[in-house]
1. So if R0 is 41 Å, what FRET efficiency would residue 701 and residue 105 give, r being the distance between their Cβ atoms, rounded to the nearest 0.05?
2. Which of the lysines could a cross-linker bridge to residue 600, judged by Cα under 22 Å and excluding same-chain residues fewer than eight apart?
3. 222 nm [θ] for the chain, helices only, -39500 (n - 2.57) per DSSP H run of 4+, per residue, to 500?
4. Over 31 Å between Cα atoms: which of 268/490; 146/481; 679/757; 386/474; 272/413; 65/121 fall into that group?
5. Over the range 639-733, calculate the relative contact order: mean separation of alpha carbon pairs under 8 Å at least 6 apart, over the residue count, as a percent.
6. log₁₀ I(q)/I(0) of the chain at q = 0.05, 0.07, 0.08 Å⁻¹, via Debye over equal Cα point scatterers, no solvent, to two decimals?
7. Explain nothing, just the number: dipole magnitude of the chain about its Cα centre with +1 on each Lys and Arg Cβ and -1 on each Asp and Glu Cβ, in debye rounded to the nearest 20.
8. Which one, 106, 884, 84, is farthest towards the positive end of the dipole of the chain when Lys and Arg carry +1 and Asp and Glu -1 on their Cβ?
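The values are calculated or read from the model by the stated rules, or taken from the named source; none is laboratory data. What you see is a predicted model; the values in this text were computed from it and never measured. A quick note on method: Cβ atoms are made from the backbone with ideal geometry, for glycine too, and the neighbour counts reach across all protein chains shown. What goes into the accessible areas is simple: the full protein's heavy atoms, side chains included, and nothing from ligands, DNA or RNA. Shrake-Rupley method; radii C 1.70, N 1.55, O 1.52, S 1.80 Å.
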Amino acid sequence: LKKREKKQVEVKEEVDVWEILKAAKPCDYEKIAFEYGITDLRGMLKRLKKMKKVEPKKSDAFLRKLDSAYSVDKGKKIQLSVEVADPNAPIKWLKNGQEIKPSAKYVFESVGNKRDTHDNKCNLSDDAAYECVAGEEKSFTEVFVKPPVTITKLLDDVHTVVGERVEFEVEVSEEGANVKWMKDGVELTRDMAGSKYRFKKDGKRHILIINEATKEDIGMYHVFTNGGESKAELEVEDKELQVLQSIADLTVKSTEQAVFKCEVSDEKVTGKWFKDGVEVRPSDRVKMTHVGRTHKLTIDDVKPSDAGDYTFVPDGYALSLSAKLNFLGEGTIRVAPTTNPPKIHLDTSGASSKNVITVVAGNKLRLDVEISGEPAPTVCWMRGDKVRTGPEGRVRVETRKTLSSFVIEGAMKEDEGAYSLTVTNPAGEDKAELFVKIVDVPNPPENVKCTSVGEDCATVTWDPPAFDGGVPIKGYLMERKKVGSSRWTKLNFDVYESTTYEAKKMIEGVLYEMRVYAVNGIGVSQPSANSKPFMPIAPTSEPIRLTVEDVTDTTCTLKWRPPEKVGAGGINGYILEYCKAGSEEWVQANQDLVERTQYKVKDLPVGEKMLFRVVAINIAGRSPPATLPQAVTIREIMEHPKIRLPRHLRTKLLVVVGEKVNLVIPFQGKPRPVATWFKDGAPLEDRSVGTRTSEVDTILFIRSAERSHSGTYTLSVQIENMLDSADIRIQVIDKPGPPTDVQITEVWGLNVSLEWKLPKDDGNCEIIGYTIEKSDMKTREWFTTYEHNRRPSCTVSDLVIGNEYSFRVFSENICGLSDEAGVSRNTAVISKTGLAYNPLPFKEKDVSSSPKFTAPLVDRSVVAGYATAISCAVRGHPKPKIIWMKNSMVIGEDPKYLMQNKQGVLTLNIRKPCLFDSGRYSCRAVNDLGQDEVDCLNTHTDLADTCLTSPQTHTQTPQIRVSLASPTRD
């Protein structure tokens, strides 16, 4: 068996599904929703409609705002992040308008200009609108929490035959959710070439349909959602036809009816009848019927030519059922004496002296017995002491001169027993004994139960049926199903003779039920009662890497790794066992299961050599043991002390003022070493520096570092006269001070030379450069000229003639720029000799003008009762006075009129005009430089006046022509 490689889990990058949806076409919405697990398509479309595309405005408070929307799965982490312009500006986080406070659920972080908030495990209540408020500005976003779509009803395995319809059904937690179907790792779609698959959705139910199964469909089928998966196996076998009742030989007399009857397991199977190899054709006397699983050939008015071999051949199967029809003639007429003793002509050639007649329960028994005798004998049928007579009823006797028929309609079990036939006449008596045996399908098997389980198998046993139906049991048929499912899967098509069966190809961790059918020569029994649910689970593999971690005079500490193969049963815990070397008596070290992969075995004998082993325990039992390859001597070993100094502490450790220092330094040695700390060669007595020491390591911590904490710290571990030590150099650094004595040493052309001295405080580390800024004395704004300048001097070029400049310098170390700058003592004026600028006197332009209409009034025709407006446009300086007139009369403060002037556009609104408002309207603009005037004709029409009468000489439909004017259009 090859070891299966572990699948590499692909780490998917978090994407914003709402940004993808906004950029996608509407025809791709459903595909994107399925890919990212969105089930509520209607809600998704509503949210997309609300998300308006707004051009982002430049913000003074935020360098980077929140994205418009975030999408996250339920139970995953939410992280919202912004960048503010002022690193010292306070901010607030709001959820649906309510302020969020720091708590175990919400964690706030602040690093430089960046502000973050985290929710490590979100739930559906976190689906809300969030805001970040900085000063007067806000940044808004929406968080959408996607609930996982889980599978509530798993797939069932299917065992079928070629040509049958197959349905895989699964039920999910969300109605209308999308699922993905796969077969052997290949996705199934409707677009596959020659696709035989159909997909059906019914609310939460999803069904995969294969109309006619073939051998190519065998495999493992998977269904996936964004919150779970399920799998089931399809097994397809060739069709096998079972004969439930074969046809029997018949002996029929002339003019009687012959009926051949058989029953097969498949109702859909058709077939043909043959006589002596020639197909039988239907006629008035010969009829062939097919009802359900039963096929009949009926021959009326039998003739001698009908005798022969009859065969039924099912279509599509290499199977045939044969029987013989014997014709019984009237016989020859013999001259007999006047009296002849009675005689029963009954075949008794069997091995037993009794004639046994077998009848299937529910069928009709007709026993025709030929008798002879002169005079005609008297016939008497009896069962025990009870005489059976009469031509009517379910059990009856039909008697003719030479033939007596015993008939039982719908044979039942109580009809079984010994029967006798007695014929008498004056010449004598004859008697025959018969035994009627009623056979039936067996009772169901009993006591079906699971005796043991494995990783993907289970052993099931049962008891034979209490009644075998009167026919020996041929074997059994088994079915299984998953608990909660209604579909049973056949496990075998050929009968299975034993009462113990090992079911395979099961899914570990799934509950199953089994039931069994009994089969005899008559047919199949009813199903047995379901077994108790059982779950295939296997013990884990053995734990790995069992090693000794520590040994003392009475204890041994062991550690190991979990088993490579765990399975659905999980691990309940571990059991440690030990025994002396050379002995086979293992002693359990722990009474309760150990959940950790480490355990200390105590109270061991000193100096003895001991073997140890560990087993994993789950619901299926003990795993194989993992045993130490060699015995362990229980005696503590002296071990030299040794410090395991981490790599990053082997060089100088730089710490910024105010930061925390937490150094964990492991060491080893037996017995436990004594650890001592020193600073600069003296014992560490500073109370602001704390130390803690355990058996395996020591910790040096400083809650807030200061410059005084700089120095060399020495750790010493000692066992008796054995010693080991290690030095740790800590340097606490800070931002530097500003440069001193900044001055302008020379000015020439467009260039300035600057010099300065080193800062008095270098921040306890090397100065790595300087940043130089310049400022125009007019604007007082600072601009960076150089960054990371190494030398304490520089030359600033490309200055502007006529400006006066001041300069400042920041010093820089690995902590950053100094908080303050060194400003130059003097300023630099950039001038050029002989250049004088004589500006011309400013002359203001005269923009005065007389009024001038740029858009005239337009004649209007409006309907009475509908508000209207007339407009024109005018220009002029100074602003002209506007006068509106009607028929040369000035319109005053009449409330019916509303006069508006918006930047030279003049509008006169007439509220609900009537016929009296018709006339010539004019507008006059007047200022100190002149005037201008425009006018228009405004007519009003009543609705009643618009009806047009037809000429008397013609017949036309009356029409109304109405002129409607919108009050908002010219």
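1. On the way: r = 28 Å, r/R0 = 0.69.
Between residue 701 and residue 105 the formula returns 0.90.
2. 559, 580, 609, 670
3. Numbers: 3 runs with 24 residues, N = 970.
Estimated from H runs of four or more residues: -500 deg cm²/dmol.
4. Working: 268/490 19 Å; 146/481 33 Å; 679/757 34 Å; 386/474 36 Å; 272/413 34 Å; 65/121 23 Å.
Long pairs (Cα-Cα over 31 Å): 146/481; 679/757; 386/474; 272/413.
5. Details: 211 pairs, mean separation 37.4, N = 95.
After rounding, I find 39 percent.
6. For the requested q values the scattering log ratios are -0.77, -1.03, -1.15.
7. Details: 137 positive and 140 negative charges, 429 e Å.
It works out to roughly 2060 debye.
8. Selected residue: 884.
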